[in-house]
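Working notes, structure below.
The values are calculated or read from the model by the stated rules, or taken from the named source; none is laboratory data. For clarity, every value in this text was computed on a predicted model and none was experimentally measured. Heads up, the Cβs are rebuilt from the backbone with ideal geometry, glycines too, and the neighbour counts pull from every protein chain shown.
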Amino acid sequence: MKLRLFGMILTLLFSAQELSAGVDCIVDLSGTWRFRTGDHITWRNPGYNDERWDTIAVPATWESQGYEHDGYEWYRKTFTIPEEYVGVQLILVAGKINDADQMFLNGRLIGSTGSFPPHPQSERNTIRIYNIPEDLLEDKNVIAIRVYDMGQEGGIHEGPIGIAREADKQELLNLRCGPEGNTVVEYSEVFPYYVRSNIIMNGV
C-alpha cells in the first residue's frame, strides 16, 4: 500500500514538472490600466476618452493602491494583436476579480462572471476566461471591465492577465503572463500535487 501511494506521488510530481513549462500569453495585459470609481455605461465605448482617469496596477487590489471604495469601478486598457495571430481564435484571460465583472471588448459584452445588484454574487476565486469573437478585433482594441465589489478588497486581484490562443485553453494551469510569470498554479497545503483553480470557460 505504501509503495503504491509512493508511486502515485512520484507520478503526480513528474506530471507537475512537465506542466511547469506552460505556455506564454501572446499579449501581456498585466501592468498599468486606466481606472475610475463609479458607473456609467458609456465607459465601455472604445472611443471614450479616458485620459483623465487614474492609472492603477493590475493585478492588485485597489485598496492596496489607496482606493477605499466599495461598489462599482471600471478598468480600461488598449492593446494590439501581433500580425501572426490575426485570424487565430483567441481568448481573454482576466485573472481573478473581486467580486463580479462584465467584460467589454471594443464596446461589446463578451462575457460576465458573478452577479450584480439587486442580487449580487461573488466569484472572487474564479479565473475569468472569455472567448474573443474573431470579427471583433481591430488594429487597436479596447478592453473595458465593469466591476462590482461587495466589500473588503476589490478589483483584479490575481493574474494571469492576457490574451492567449484558444488552442492553449487546456494549458491555462500554467499560463505565463507578465515579467514574473503569474502562473495559474495552486498547490494543495496537505498533498504535493497540482490543484486546478476554479476556471469558468465562458462562451464554450
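Remarks
- Yes/no for Gly151 being under 19 Å from Thr37 (Cα atoms) and in a loop (DSSP other than H, G, I, E, B): yes
- Enumeration of residues in the range 53-69 that are out of contact with any Asp or Glu (no Cβ under 8 Å at 6 or more places or on another chain) and more than 17 Å from Gly151 (Cβ to Cβ): Trp53, Asp54, Thr55, Ile56, Ala57, Val58, Ala60, Gln65, Gly66
- Residues (among the aliphatic types (A, V, I, L, M) and at pLDDT 90 or above) located in the range 127-149: Ile129, Ile132, Leu136, Leu137, Val142, Ile143, Ala144, Ile145, Val147
- Residues in the range 35-91 that are part of a helix (DSSP H, G or I), over 18 Å from the mean Cα position of the chain (by Cα) and surrounded by 13 or more Cβ atoms within 10 Å (Cβ to Cβ): Trp43, Glu63, Gln65, Tyr85.
- Within the range 92-108, considering residues that are free of Cβ contacts under 8 Å to residues at least 60 places away in the same chain and in a strand (DSSP E or B), the one farthest from Glu158 (Cα to Cα): Arg108
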